[in-house]
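Take a look at the structure set out below.
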Amino acid sequence: MPTETLQNAGKVQLAVLAVLAVLANPAHAQTDDTTPFYVGGSMGVSHVSNIYRTSDTPNSDTVVSAGVLGGIDTRLGRQHLTLDGSLQNNRYSTNTELNYRSHSLRAALDWATVGNLSGLLSAKTDRSMADFNASTLVKQIYKKNIETDDEYQAVARLGVATRYTLQAGWTQRSRNFSAQEYDRLAFSQNAGSLGIYLTPGGNVRLGLVARRTKGKNPRYPNGTYTFDPDTLQLVAVTAVNDYTRNDADFTADWSVGGHSRLNARISRSRTRNSMSSQLSDFSGTTGAVGWNWQPTSKFQLNIQYARDTGQETVIHTTDLNRVYTSWTLSSSYQLTGKLSTSAKVSSNRSNRAGEASIAETFDNTRTYNLGLTWAFSRGLSLTCQYDHLSRDNSVTAYTYTASSYGCTGQAIFF
């Protein structure tokens, strides 16, 4: 299965509709040199217990999703091209006003020259239903709200096969919502990095990287209100918040024998906001550590821990100055040649000290996932999943539990 080439260290997203984990992200197919193209379709059904993520009146619904998918995985000389895309039509049994179309498109080109110069060009775009209870700083809504995420990346490396490697990178991200109530969560940012990596031994790689991020919140409330004569209500006045973040990273990647791998990042981070009266600046130590263990070809265990601001952890623009601590434990096991299982537990905790306009708050979210996949053949598979989410928040209205279960089938033609 072609994997995503973009990796955001420590990135842990707040839970979105659990059904999307089953329906909106169908598995991609692995091609080979003789069959570099594939097309296929998927059909799934899932039951969601608390669609709107409310604390007092949970509601449930059944969602049916049908989609098409396709991709390319081929080599063009020294270059490696991958392309995966899917289009889904998601229909609710009761809440039909939420029916929507989602899509996902990812493309990557791993390139290399005759010498020691290589790199990566990649792009991805996703369109899905946004979380109905995303933040305590936005209004709870009960209407369709489509979230669009785009990301582009370019990386160049010099000296890959040598002891020292010089690497430069650029990343552009943006997020937008169809519902006006979520305007304050929209953002765009550009990040550049330059680092040098040392390989003192065959199983250890150390890095020192400088990163600079410049971003913009185009419609962030400035703390004042105006009267709307059309709705006869007070509405928040918004302004542009420009922010800059500088990081100095120390990274380490250590292969412990043939079955275990450790990676770590420690950073000194500093963020400055133009709207300093509404958003306090941040300065502190952030980082992440991960361990992957695969003792046999059938079993794999992965542990990730991160401490960072929402800007890097969940990419919530309202959380530029909030520190998140999160961990994820995931595993998979191949029961037979056609049957495999997976399990995942994750926790995301945050605390923010009181500010001039924002009281002290906390938010703790924990998710659980169980999955079972039956690969009937190379092109036919069936996956069933169960998800459970619980959230504890300093604001009672944002405390809730939700769960979903369902199955999706997929057919791939090479």
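The values are calculated or read from the model by the stated rules, or taken from the named source; none is laboratory data. These figures come from a predicted structure and were not determined experimentally. Cβ coordinates were reconstructed from backbone atoms using ideal geometry, including for glycine residues, and neighbour counts include every protein chain displayed.
In table form, for the structure just shown:
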| item | result |
| --- | --- |
| Top-ranked residue in the range 348-403 [being under 24 Å from the mean Cα position of the chain (by Cα) and small (Gly, Ala, Ser); ranked as modelled with the lowest pLDDT] | Ser350 |
| Subset of the range 219-255 (residues that are closer than 30 Å to Leu198 by Cα and among the aliphatic types (A, V, I, L, M)) | Ala248, Ala252 |
| Given (1) of a type outside the set (A, V, I, L, M); (2) farther than 29 Å from Arg106 by Cα; (3) touching a Leu at 6+ places or on another chain (Cβ under 9 Å); (4) surrounded by 15 or more Cβ atoms within 10 Å (Cβ to Cβ), number of the condition Gly169 does not satisfy | (2) |
| Residue selected from the range 38-57 under the condition part of a loop (DSSP other than H, G, I, E, B) and small (Gly, Ala, Ser), by the criterion farthest from Gly379 (Cα to Cα) | Ser55 |
| In the range 86-113, the residues that are of a type in the set (Gly, Ala, Ser), more than 23 Å from Ala161 (Cα to Cα) and surrounded by fewer than 17 Cβ atoms within 10 Å (Cβ to Cβ) | Ser93 |
| Conditions (1) crowded, with 20+ Cβ neighbours inside 10 Å; (2) at pLDDT 90 or above: number failed by Gly70 | (1) |
| Qualifying residue in the range 182-195 (condition: farther than 21 Å from Lys143 by Cβ, more than 21 Å from the chain's Cα centre (by Cα) and modelled with pLDDT of 90 or more) | yes |
| Residue that is surrounded by the most Cβ atoms within 10 Å (Cβ to Cβ), among those in the range 58-67 that are part of a strand (DSSP E or B) and hydroxyl-bearing (Ser, Thr, Tyr) | Ser65 |
| Positions within the range 261-283 being within 30 Å of Gln300 (Cα to Cα) and part of a loop (DSSP other than H, G, I, E, B), in sequence order | none |
| Residue among Val64, Val114, Val68 that alone is closer than 20 Å to Gly379 by Cβ and of a type outside the set (D, E, K, R) | Val68 |
| Selection from the range 146-164 of residues that are closer than 18 Å to Leu121 by Cα, over 18 Å from the mean Cα position of the chain (by Cα) and either in a strand (DSSP E or B) or among the aromatic types (Phe, Trp, Tyr) (or both) | Ala154, Val155, Ala156, Arg157, Leu158 |
| Any chance Tyr220 is buried (at least 17 other Cβ atoms within 10 Å of the Cβ), modelled with pLDDT under 90 and not polar (S, T, N, Q) | yes |
| The lone exception for Thr82 - which of (1) crowded, with 17+ Cβ neighbours inside 10 Å; (2) β-branched (Val, Ile, Thr); (3) not in a strand (DSSP E or B) it fails | (3) |
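Results for (1) touching a residue at least 40 places away in the same chain (Cβ under 8 Å); (2) part of a strand (DSSP E or B), shown as yes or no for each residue.
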site	(1), (2)
Leu137	yes, no
Ile141	yes, no
Lys144	yes, no
Gly169	no, yes
Gly192	no, yes
Leu206	yes, yes
Thr226	no, yes
Asp242	no, yes
